[in-house]
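Remarks on the structure that follows.
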Amino acid sequence: MRRLVSGNEACAEAALRAGIRFFGGYPITPSTEIAELMAEELPRVGGVFIQMEDEIASIMAIIGASAAGVPSMTATSGPGFSLMQEGIGYAAMTEVAVVVVNVMRGGPATGLPTKGSQADFQQARWGTHGDHPVVALTPRGVQECFTLTLRAVEISQRLRVPVILLMDEFIGHMREIVSFPEKVEVYHRQKPRVAPSEYIHYAPDNNYNAPYASFGEGYAIHFSGLNHRSDGFPINDAPTIRWNNERLRAKIEDNLAYLEDNYVDDDPDADTLIVAFGSAARSAYEAKLLTDKPIAYIRALTVWPFPDATVRRLAKGRKRVVVPEMNEGQLAREVERCIGTDTELVSVTRNDGSMLTPKEVLEALR
Amino acid sequence: MASLKELSKRTEGLVGGHRACAGCAASTAIRQILLAAGDKPTVTGICTGCMEVVTTIFPYTAWNVNLVHNAFENSAATVSGMEAAYRALKRKGKIDAEIQFIAFGGDGGTYDIGLQSLSGAIERRHKMLYVCYDNEAYMNTGYQRSSATPYCAHTTTSPAGTKIPGKPQKRKDLTEIIIAHEPAYAAQATPGYYMDLIRKVEKALAADGPSFINVLSPCVPGWGYPLDQTMNISKLAVETLFWPIYEWQDGKYKINIKPREPKPLVDFLKLQARFRHLLKPGNEHLLEELQAEVNRRWEVLLRKEQATNG
């Protein structure tokens with residue numbers, strides 16, 4: 001079925017169809033419509049919407065609900081995303097499946113509440129303290145708000161990790177035709193197959209499709225934000241700390257093939273590669289179509305983990321890489337890390353609350 | 001207390017030309033509060049919310065006093081810092097002026113996300129007045145429920161329908177929470193009783209320590225009533241006992257208006273779209289519950305006044 005909807009509406013609809021049955025949230029422009037829709041729709045499907053007293057409480061509530069076995073989500077924007085950082089780290093450490101939607105607006109601080117940006121790209125990766133991998137997805141338009149919300153829920157459940165969906169104001173409030181599938185495949189987390197006495201909550205091998213117990217199912221779970229051993233009890237010894245850090249890392253690195261998701265439009269004659277994501281990629285691709293030169297193009301749908309190997313492969317032997325984005329050059333840093341010194345990096349940035357235009361990208365392609 | 005005549009001669013702290021909705025009570029209240037603050041140097045802070053947004057649209061400001069806008073949860077904390085720095089400079093003899101500090105926040109920024117920073121500011125005894133303009137929901141983002149939203153009110157995140165009758169929970173009694181901190185002064189007010197509000201601001205600013213005024217501020221688009229009814233609704237809130245105006249100082253309660261014959265609560269509710277569903281047949285029990293709750297809280301308040309003035 002095809003319908004004209006906004007990005008925020010597509011996100012809420014996907015969340016409901018992906019099996020999200022708990023939403024803890026707090027009003028913030030430009031994400032509020034997601035919470036409003038969830039408040040309206042969740043009670044109809046037996047789910048729960050709670051408006052929390054702030055964003056710290058919102059993320060902690062969805063962590064609690066997810067630990068109790070219910071697929072859970074929140075949606076916010078810049079200032080709220082900043083307040084949620086501690087909770088995102090907590091979800092990573094305790095390995096809880098949650099989806100955090102950040103409809104990006106201009107910052108820092110209150111910034112530009114009603115205007116879009118891509119300036120939380122690096123915050124999604126490094127916003128919470130400590131060092132651990134994260135997963136973040138970025139839609140280019142309203143259709144992908146739908147598909148990537150589905151995928152965010154699935155990844156969070158399969159890997160039991162927090163997954164961040166980096167939308168932005170342009171897409172959140174933009175209306176486009178979306179094809180809604182008749183049926184959506186939903187992954188349900190596996191239940192433990194062992195007796196409670198045998199159960200290990202952080203079993204060394206359970207990285208993908210892990211069976212794990214929820215609270216209230218008869219399994220003893222020690223749950224804490226402290227670094228811990230496989231049964232969840234806090235530890236301080238170096239080998240166990242290394243084991244746990246490695247476990248969090250391996251969970252993402254061992255599943256790169258599953259996580260990586262790029263749109264690639266290569267051209268063997270091209271001496272220029274464009275690397276982009278999200279709404280800036282719309283203008284970047286438009287520019288590619290407008291120029292008569294051959295241009296290779298990659299758009300990352302999964303931005304974290306960053307597609308290092310693919311960008312490296314596509315950039316190899318090329319004269320230059322053009323990186324259009326709506327911040328001060330955060331994606332350019334990642335790309336620079338991946339390409340050799342023989343390739344020129346051209347950073348095209350716009351950070352004033354307005355969409356980057358195809359013309360601006362086109363100028364860089366000249 | 002300053003008379004109306006005296007007030008009319010003072011410099012306005014919040015001037016016209018801002019973009020508040022026609023009939024906005026919160027902007028009227030802030031204007032009255034800053035008039036009451038007088039011509040002494042006044043430093044104000046405000047958190048994100050309607051009043052911040054509508055009064056500071058670049059390149060204009062409606063504020064004739066110093067104003068710091070900080071994030072949603074931070075009005076009390078930011079003004080705490082300014083007040084503490086001012087005390088230190090004063091102690092060292094680097095500043096002579098007598099400066100008054102006023103922090104503003106809406107009910108979202110006060111009852112919910114900013115409660116921690118307000119509680120901390122009062123506990124540390126900063127000499128500042130905190131004013132909550134309470135319009136009973138998140139109006140800036142389009143009418144979501146807050147913990148100040150009354151029982152059964154329709155909002156976009158507590159939509160009235162078959163599952164819930166509007167907000168399923170009762171309102172948090174913030175003024176009582178603040179009184180539990182034993183501030184230097186605390187009160188409830190509403191701009192319909194403007195001289196009462198003026199007097200309370202004067203008392204609050206004269207008090208030696210932290211003070212708090214909770215100002216019920218009817219909201220035209222959020223509550224859904226004709227825009228010429230703001231002051232009428234503001235008064236009705238008091239006359240129906242929905243919003244008693246009272247004050248607390250030195251351990252004593254004083255109720256400022258005791259309606260001889262309180263009007264039925266429905267007189268207040270029926271003018272507002274957010275309560276419209278309550279008037280439909282089958283919802284009589286909800287009206288009764290709301291009336292009973294208002295009566296119960298009034299009785300408790302009367303007993304508190306009696307107990308602390310005996």
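Details
- Among the listed pairs A:K288/A:K316; B:K172/B:K304; B:K9/B:K203; B:K235/B:K270; B:K170/B:K270; A:K293/A:K316, those beyond 23 Å (Cα-Cα): none
- Cα-projected label distance for A:W126 with B:L279, points at 7 Å along beta-carbon direction, nm: 5.9
- Gyration tensor verdict on the stretch A:1-81 (Cα atoms; rounded if a/c is under 1.5, prolate if a/b is larger than b/c, oblate otherwise): oblate
- Beta bridges by DSSP in chain A, antiparallel share as percent, to the nearest 5: 30
- With viscosity 1.306 mPa s and temperature 10 °C, the Kirkwood radius over alpha carbon pairs of the stretch B:4-308 converts through Stokes-Einstein to a diffusion coefficient of 81 µm²/s.
- The DSSP beta bridges internal to chain B are antiparallel in roughly 30% of cases.
- Farthest towards the positive end of the charge dipole of the stretch A:218-366, among the residues A:V321, A:A287, A:N244, is the Cα of A:N244, using unit charges on the Cβ of Lys, Arg, Asp and Glu.
- Both radii were evaluated on the Cα set of chain A; the Rg over Rh quotient, with Rh as the Kirkwood radius, amounts to 0.98.
- Ranked list, fewest to most other Cβ atoms within 10 Å of each Cβ, for B:T55, A:T74, B:T11: B:T11, B:T55, A:T74
- From the C-alpha gyration tensor of the stretch B:1-105, square roots of 5λ in Å: 24, 19, 11
- Each eigenvalue of the Cα gyration tensor of the stretch A:138-209, multiplied by 5 and square-rooted, gives one semi-axis; in descending order these are 34, 14, 7 Å.
- Here the stretch B:108-235 yields Rg over Rh of 1.01, to two decimals, using C-alpha coordinates and the Kirkwood radius.
- The per residue volume of the convex hull around the alpha-carbon atoms of the stretch A:262-365 is 84 Å³.
- Seen from A:D261, the other residues with C-beta closer than 15 Å to its C-beta sum to a net charge of -1, counting Lys and Arg as +1 and Asp and Glu as -1.
- Where labels lie 7 Å past Cα in the beta-carbon direction, separation of B:D173 and A:L289 in nm: 6.3
- Of all DSSP beta bridges confined to the stretch A:2-179, the antiparallel ones make up roughly 25%.
- Cα gyration tensor shape for the stretch A:2-179, rounded if a/c is under 1.5, else prolate or oblate: rounded
- Comparing B:E284, B:E123, B:E12 in a Gaussian network model of chain B where C-alpha atoms under 10 Å apart are linked, the largest mean-square fluctuation is found at B:E284.
- Quick note on the protein assembly as shown: its Rg to Rh ratio, both from C-alpha atoms and Rh being the Kirkwood radius, is 1.02.
Just so you know, all these numbers are worked out from the coordinates, no wet-lab data involved. These numbers were taken from a predicted model, which means no experiment stands behind them. With ideal geometry, Cβ positions are generated from the backbone for all residues, glycine too; neighbour counts draw on all protein chains shown.
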